[in-house]
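The values are calculated or read from the model by the stated rules, or taken from the named source; none is laboratory data. Since this is a predicted model, take the numbers as computed values, not measurements. When we count neighbours, we look across all protein chains shown, and the Cβ atoms used for this are built from the backbone with ideal geometry, even at glycine. Keep in mind that these areas ignore ligands, DNA and RNA; they rest on the heavy atoms of the full protein, side chains included. Shrake-Rupley method; radii C 1.70, N 1.55, O 1.52, S 1.80 Å.
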Amino acid sequence: MIDVIDLRKSFGNLEVLKGINITINKGEKIAIIGPSGSGKSTLLRCLNCLEDPTSGSVIFDGVDIADMKVNINIHRRHMGMVFQQFNLFNNKTVIDNIMLAPVHIGIQDLRQKKLKNLFIRGRNFISRDKKELYPITTSKAEIKTKAKENAMRLLKRIGLEDKANVYPSTLSGGQKQRIAIIRALAMNPKVMLFDEPTSALDPEMVGEVLDLIRQLADEGMTMVIVTHEMGFAREVATRVLFMDEGKIVEDNTPEEIFTNPQNPRTQGFLSKVL
């Protein structure tokens, strides 16, 4: 699904990623662990080019999305991203937050089809070689209706349908993060990227967010999670990557990483956090 090839990222003279090579297969749950400053979050952000790699390739479904010529926004539709700080729009209600991307993209696609059909009609008028119009089977109203129905379905899934019309400022941290997760799910992504999704939460709120991520893992969602929750990584992940100083120094099953780490740096890190 995703092939990362010799990925490098520098900020000025500071090289944060130093030649990352990994393959992420469909259905895998990959946890990325390591000390602060090791490049974990930068790697995650490079996977969907929120940070433009300095060099290297990120092949997603056969397309190098690190290529500046590629329309990255088309491919980001298939990558859900959940941040540490929720990133909900505080001036919009919960349901409007969830509907925002599906409605915007749906209307954008509809507008592009209409523009293409306008061009085709003009071409057909002057050409003998007639071309068929793109089928238009929806409308702005239908797009909004379907997005609202899906948003309510997702809110019901996490037991927060009664919060649909409130603003994020009235919610707990755990509620905000669960809504941020289903907002990403509203786009039906092929892969979910989680950047330390529990680090901004009070300890009593961590469990409800991890439970939702567990559900997604059990349903077969492909996911990459940067996390400091070692117990969660051991339980949910199918692979664990240990990063240090911009490199992946160990890549193995959770069982091997946590019970029999091979790299001295991994051994030293885990001895302090377990």
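The HN-Hα couplings worked out from phi for segment 208-224 by the Karplus form 6.51 cos²θ - 1.76 cosθ + 1.60 (θ = phi - 60°) are 5, 6, 5, 4, 5, 5, 4, 4, 5, 5, 5, 7, x, 5, 6, 8, 10 Hz, whole numbers, x standing for Gly and Pro. Taking amide H as placed 1.01 Å from N in the peptide plane, ALA66 has its amide H under 5 Å from the amide H of VAL58, each at least 5 places away in sequence or on another chain.
May I ask for log10 I(q)/I(0) of segment 61-117 at q = 0.18, 0.26 Å⁻¹, from a Debye sum over the Cα atoms as equal point scatterers with solvent left out? Those come out to -0.87, -1.11, one per q. Amide H to amide H, with H built 1.01 Å from N, LEU88 comes under 5 Å of no residue 5 or more places away or on another chain.
For the pair ASN73 and GLN112 in one chain, pulling the backbone fully straight at 0.36 nm per residue adds 12.6 nm over the alpha carbon distance. Reported value for the chain: 158 Å³ per residue, from the convex hull of its C-alpha atoms. Computed 3J(HN,Hα) for segment 39-45, one whole-Hz value per residue from the Karplus formula 6.51 cos²θ - 1.76 cosθ + 1.60 where θ = phi - 60°, is x, 4, 5, 5, 4, 4, 5, glycine and proline marked x.
Given a cut-off of 21 Å, name the pairs among LYS92/LYS146; LYS40/LYS247; LYS29/LYS69; LYS113/LYS140; LYS29/LYS156 whose C-alpha atoms lie farther apart than that in the structure shown. Could the numbers behind the result be given before it?
On the way: LYS92/LYS146 19 Å; LYS40/LYS247 9 Å; LYS29/LYS69 30 Å; LYS113/LYS140 13 Å; LYS29/LYS156 25 Å.
Checking Cα-Cα distances, LYS29/LYS69; LYS29/LYS156 exceed 21 Å.
Within the accessible area of the chain, the carbon and sulfur atoms contribute 49%, probe 1.4 Å, all protein chains present. Normalised per residue, the accessible area of the chain is 51 Å², obtained with a 1.4 Å probe and no contribution from ligands, DNA or RNA. Amide H to amide H distances under 5 Å link GLU250 with PHE242, where only residues 5 or more positions off or on other chains count and H is placed in the peptide plane. Shape summary: segment 1-71 maps onto an equivalent ellipsoid whose semi-axes, from the alpha-carbon gyration tensor, are 19, 17, 9 Å in decreasing order.
Between the DSSP loop rule and a limit of at most 11 other Cβ atoms within 10 Å, which trypsin sites (Lys or Arg not before Pro) in segment 31-112 are left? Intermediate values should be presented prior to the final figure.
Values: sites: LYS40, ARG45, LYS69, ARG76, ARG77, LYS92, ARG111; in loops: LYS69, ARG77, LYS92.
Passing both the DSSP loop test and the Cβ count: LYS69.
In this Cβ point-charge picture (+1 for Lys and Arg, -1 for Asp and Glu), the chain has a dipole of about 1760 debye about its Cα centre. Taken over the alpha carbons of segment 195-274 as equal point scatterers, the Debye sum produces base-10 log I(q)/I(0) values at 0.17, 0.18 Å⁻¹ of -0.72, -0.80.
Annotation: segment 1-130 has a Kirkwood hydrodynamic radius of 17.8 angstrom, from the mean reciprocal C-alpha pair distance.
How high is the relative contact order of segment 67-175, given as a whole-number percent (alpha carbon pairs under 8 Å, six or more residues apart)? Walk me through the intermediate numbers first.
Working: 60 pairs, mean separation 43.8, N = 109.
Relative contact order, segment 67-175: 40 percent.
Distance between the 7 Å Cα→Cβ label points at VAL63 and THR253: 3.6 nm. Pair-distance distribution of segment 99-138: all C-alpha pairs, bin width 5 Å, starting at 0; shares per bin in whole percent are 6, 24, 23, 17, 13, 8, 6, 3, 1. For segment 165-274, GluC sites (Glu not before Pro) meeting the loop criterion (DSSP other than H, G, I, E, B) and having at most 16 other Cβ atoms within 10 Å: GLU219, GLU245. With each label modelled as a point 7 angstrom along the Cα→C-beta vector, the ASN13-GLN85 pair spans 2.8 nm.
Candidates VAL82, LEU7, LEU17 compared by Cα position along the dipole of segment 1-150: farthest toward the positive end lies VAL82, with charges placed on Cβ. Between TYR167, LEU133, PHE194, the Cα set farthest toward the positive side of the dipole of segment 119-241 (charges on each charged residue's Cβ, about the Cα centre) is that of LEU133. Rg then Dmax, both in Å and based on the Cα atoms of segment 76-217: 19.2, 69.
Out of segment 23-132, which GluC sites (Glu not before Pro) are coil in DSSP terms and have no more than 13 other C-beta atoms within 10 Å?
Values: sites: GLU28, GLU51, GLU132; in loops: GLU28, GLU51, GLU132.
Passing both the DSSP loop test and the Cβ count: GLU132.
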